Structure formats: C-alpha cells, structure tokens
Amino acid sequence: MRINVTQSFLPPIEEYQQYLLKIWDNKWLTNNGPLLLELEDKLKEYLNTENLLFVGNGTIALQIAIKAMELKGEIITTPFSYCATTTSILWENCQPVFVDINASDSNINVNLIEEAITEKTTAIMATHVYGLPCDVERIEEIANKYNLRVIYDAAHAFGVKYKNKSLLDYGDVSTCSFHATKVFHTIEGGCIISKDAALHEKMLLYRSFGHLGDEYFSVGINGKNSEFHAAMGLANLPHLSEIIEGRKQVFNGYDAQLDFDKMYRPRFESEDFEYNYAYYPVVLKDEATTLQVIEALNKENIYPRRYFYPSLNKLPYLTDQASCPVSEEISLKVISLPLHPELEPEVVTKVSEIINQYA
Ligand SMILES: *Cc1c(COP(=O)(O)O)cnc(C)c1O
C-alpha cells in the first residue's frame, strides 16, 4: 500500500450522514446556511475568538485579507512556505519582499525584518511554518514601530496554542486552511480571523460579492463555502483531540528512532506552547543525500514531501529574485515524513531505519 505524507481523517460515516440528513431536510446547500453558521460558532468557541469567517479555502482567505486591508506596495514575507503565501501577494498586485528564515525553526528571521522595511512597506505576512509559532512578540513590536499591518498565514496552526491562546489569535488577521491535507479539514475550506470588527464586516461582504440581499455595498469575490463542507467540519471537529493525540504518538516514534547525529528537526521549545503535530520535517546533510533518502523511501512505496521546496524567492515567475541563503539551503535538504493518526508503528520504524541508513 502506498504511504503518503498524510492521509485525510474521515469521521465515522454515520456522523457525516447525520449532517447530510439535515441538508436534505433544509434544502439549503450553500450561502450562509445553518450548518455553516453552526460550524462558525463552534470554531469561534474552540479558538476562543470573536471574528471568524469560514471561506472556500486558505488561499482566498489570504486574498480577501490583503484586499480588505487595502495593502499596497511591499509586503514583507517569508520565502519558506507554500507558494500560496507568495502568490496571494502577487495576485493582489503587491510586491513580496523576502526576509530569510531561522535554521532552527524555519520561521521568518525577525532580526532581518527592519532592514527590509522601506517607505513602500505596508505589511508583514509571515507563516507559522509547520505550526511552529513565529516570534509574534517581536513582529508586533516592529509592526507598531513602523505602522505596519500583520497577517499570519496560519494554515498549519489549527489546534496550536501559544501563551494560553490559539496561535490563530495573533496578528491583525490570521488565516487558516482546512484543506484535506491539514490537521483539521473540511475537504476544501479555510477561515479568516480578525481583531477589528469593522474589517471583519468588510471581509464578510467581500466573501459574497459585496452584497447582502438586494443591497450592493462594494466589490467582492466568491469566497463562500457550502453546507457539505461545513458538515465535514462539524463531523471532524469533535475528533480533533484524538487526531492530535494520534499524530503525537507517530511524532514521538520518529523522535525516538531517528539518528539526530545525521539530521535535525526544526523545533520550537517553550513551556507555553501546545503543538498540533502537523508535520514531521527533517533537515538532512545535503541535497544529494536528501534525494537518495527520497528514492530509497519511494522504492518501499513511501512518499515523503519536499515541504517546502523551492524556496519561494526562487519561483521562476518572480522578476526580482532576492537572495535568502538559509531558506534556499534548507529547502534543498528538508523532507516532511508521513504523519497521520493511523500510521502504524512498524511503518514509523521502517521509515526511520531507511532514513538513518541513507542519511
Ligand atoms: C495549505 C496552505 C495554503 C493554502 O490553503 P488552501 O486551502 O489549499 O488554499 C496556504 N498557505 C500554507 C502555508 C499552506 O500550507
């Protein structure tokens, strides 16, 4: 059987069917339906946050946030993330300005942010890579000093707590992805969390073409999501703690069996940090070794992913390719290992043995 980097969690089918029966009763399939409102309420309660919008995916969440905050000019961002972080900046006609990362946790290096700020800078958009928190305190300080907005691409951070609150509660806006590959999913989906109630209302309008009924307020886009997606979220949410616990077992299995003389794992250590075990990345010696390890695993039908590769400052369609040596180097020699609650301990052992052998 093929073993991928992840396997989407599916709730017991009866639990999903209960919600389908409600959809059949309501005959309401999309556009702010009752299940969507119920999911938004449950997410707000779970995240202990007030302003939350359930949207079509994690990318439209970023687009709507950038648009609604009227960001222009340059946005400081990380080169080490999924491409959607960069492309959403470009899509809104802003210029991504890449700031290199820390080797230790693979997040944006806050000591390099100030020198990247110019009079055109309007915002900082950073990713909590692998669900590990950025230096949110320092970023807030810098943003206040230079009057910049802060958006976190928190696509990996659902279920992460930092200093006793959800990691999604930091920044002016945090966005999350509920794509099928993420820790918590609604098949396709995402959310936008914001501090400012007026901004929230604006984004609510943007999510559905800028109008409410017959009142037309602004331009907008279709960022809505359906009752079927909300139903998957409602069925999955009660299983979240068991999903995270299952991931933790696998994660600890790798920690116990990998040979850390030959590799390291990006990490964030703090007593105030509760992790969601979203990813298990390992950074190997060099790219040649990494490709050998991937090939050896593929021979056993095991498919890790190069998260994240390429370093986004090297995307071929960028006209101005900044240099980010740490990100560029790590992107060549990092892989994320198979990690999901149902992964068997024997597989974890086998993956670890192969990596130890070829690393
Ligand atoms: C998954 C992901 C996204 C995109 O989310 P979609 O829901 O697939 O649009 C954006 N940023 C990061 C860091 C991601 O991992």
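The values are calculated or read from the model by the stated rules, or taken from the named source; none is laboratory data. Given the structure is predicted, the values throughout are model-derived calculations rather than measurements. All Cβ positions, even for glycine, are placed from backbone atoms using ideal geometry, and neighbour counts span all protein chains on display. Accessible surface areas use protein heavy atoms only, side chains included; no ligands, DNA or RNA. Shrake-Rupley method; radii C 1.70, N 1.55, O 1.52, S 1.80 Å.
Just give me the residues in segment 188-202 being more than 16 Å from the ligand (Cβ to nearest atom) and either more than 20 Å from LEU39 (Cβ to Cβ) or not charged (D, E, K, R) (or both), in sequence order.
SER194, LYS195, ASP196, ALA197, ALA198, LEU199, HIS200, LYS202
Of the residues ILE113, ILE66, ILE101, which is at pLDDT 95 or above, within 16 Å of the ligand (Cβ to nearest atom) and within 29 Å of ARG265 (Cα to Cα)?
Matching residue, one of ILE113, ILE66, ILE101: ILE101.
Among residues belonging to segment 148-170 that are within 14 Å of the ligand (Cβ to nearest atom) and without any contact (Cβ under 8 Å) to a residue 40 or more places away in the chain, point out the one that is farthest from MET232 (Cα to Cα).
TYR152
Restricting attention to segment 235-274, and to residues there that are of a type in the set (Gly, Ala, Ser) and surrounded by 13 or more Cβ atoms within 10 Å (Cβ to Cβ), which single residue is farthest from ILE101 (Cα to Cα)?
Result: ALA235.
Take THR122 and tell me if it is outside any strand (DSSP E or B) and either more than 26 Å from ILE23 (Cβ to Cβ) or within 12 Å of the ligand (Cβ to nearest atom) (or both).
Answer is no for this residue.
Scan segment 44-83 for residues that are open to solvent by less than 20 Å² (accessible area, probe 1.4 Å), in a helix (DSSP H, G or I) and either hydrophobic (A, V, I, L, M, F, W, C) or farther than 25 Å from LEU315 by Cα (or both) and jot them down.
LEU47, ALA61, LEU62, ILE64, ALA65, ILE66, ALA68
So, of the residues in segment 37-61 that are of a type in the set (A, V, I, L, M) and in contact (Cβ under 8 Å) with a residue 60 or more places away in the chain, which turns out to be farthest from SER81 (Cα to Cα)?
Restricting to residues being of a type in the set (A, V, I, L, M) and in contact (Cβ under 8 Å) with a residue 60 or more places away in the chain, the top hit is LEU39.
Could we say that MET232 is crowded, with 23+ Cβ neighbours inside 10 Å and closer than 21 Å to ILE13 by Cα here?
yes
State yes or no: is GLU274 modelled with pLDDT under 95 and farther than 15 Å from TYR358 by Cβ?
no
Give the number of residues within segment 1-16 that are closer than 19 Å to ASN236 by Cα and loosely packed, with under 14 Cβ neighbours inside 10 Å.
3
For segment 125-155, enumerate the residues that are under 25 Å from PRO281 (Cα atoms), among the hydroxyl-bearing types (Ser, Thr, Tyr) and assigned to a helix (DSSP H, G or I).
TYR130
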